[in-house]
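Read the structure below first, then the notes.
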Amino acid sequence: MDNSKTNGYYLNKIILDLEFVIAHTEGYSQAEFEHNELLVDSTLFRLIQVSENSNKLAKNFKQQHPSIPWRAMKGLRNRIVHEYGNVDLSVVYVTVRDDIPELLRNLKSLE
């Protein structure tokens with residue numbers, strides 16, 4: 001069993017989390033999303049995981065792919081974690097709807 005945690009390992013975890021978010025939020029209106037506590041919690045958790053795993057990627061890997069919004073990923077995580085009870089869910093919804101699919105496509109192109 002290979003327990004090495006390479007850039008590929010962390011990239012795969014990020015991709016799986018983004019795919020989960022897209023699959024489980026697809027078709028929800030903003031109001032439906034915001035009123036579904038389990039969906040909100042699972043989405044926020046997965047977005048935190050995306051950031052945590054992106055932080056584990058090698059610095060040179062991230063430097064080789066400057067088109068990926070690494071800082072924005074970390075910034076979203078910080079907002080979620082440090083302002084958990086006050087997270088603007090409309091921003092999360094728009095991010096999930098508009099930004100996450102593009103991020104996923106861009107990350108998949110790195111595999």
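The values are calculated or read from the model by the stated rules, or taken from the named source; none is laboratory data. Values in this document were obtained by computation on a predicted structure and should not be read as measured data. Neighbour counts run over all protein chains shown; Cβ positions are idealised from the backbone, glycine included.
Some observations on this one:
- Contact map, segment 80-93: first residue free of Cβ contacts under 8 Å to residues at least 60 places away in the same chain, second residue assigned to a helix (DSSP H, G or I) and surrounded by 11 or more Cβ atoms within 10 Å (Cβ to Cβ), Cβ cut-off under 6 Å, separation 6 or more or different chains; pairs are Ile80/Leu44; Ile80/Ile48; Val87/Ile80; Leu89/Glu34.
- Within segment 29-50, being without any contact (Cβ under 8 Å) to a residue 12 or more places away in the chain and either basic (Lys, Arg) or within 16 Å of Asp98 (Cβ to Cβ) (or both) holds for one residue alone: Ser29.
A quick yes/no check of all residues on (1) among the small types (Gly, Ala, Ser); (2) within 14 Å of the chain's Cα centre (by Cα):
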| position | (1), (2) |
| --- | --- |
| Val50 | no, yes |
| Ser54 | yes, yes |
| Phe61 | no, no |
| Gln64 | no, no |
| Leu76 | no, yes |
| Gly85 | yes, no |
| Ser90 | yes, no |
| Val94 | no, yes |
| Leu103 | no, yes |
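- Applying the criterion of at least 2 residues that are touching an Asp or Glu at 6+ places or on another chain (Cβ under 8 Å), buried (at least 17 other Cβ atoms within 10 Å of the Cβ) and modelled with pLDDT of 95 or more to the helices (runs of 4 or more DSSP H) found wholly in segment 1-102 leaves 7-25, 37-55.
- Within segment 70-90, being more than 16 Å from Asp17 (Cα to Cα) and among the aromatic types (Phe, Trp, Tyr) holds for one residue alone: Tyr84.
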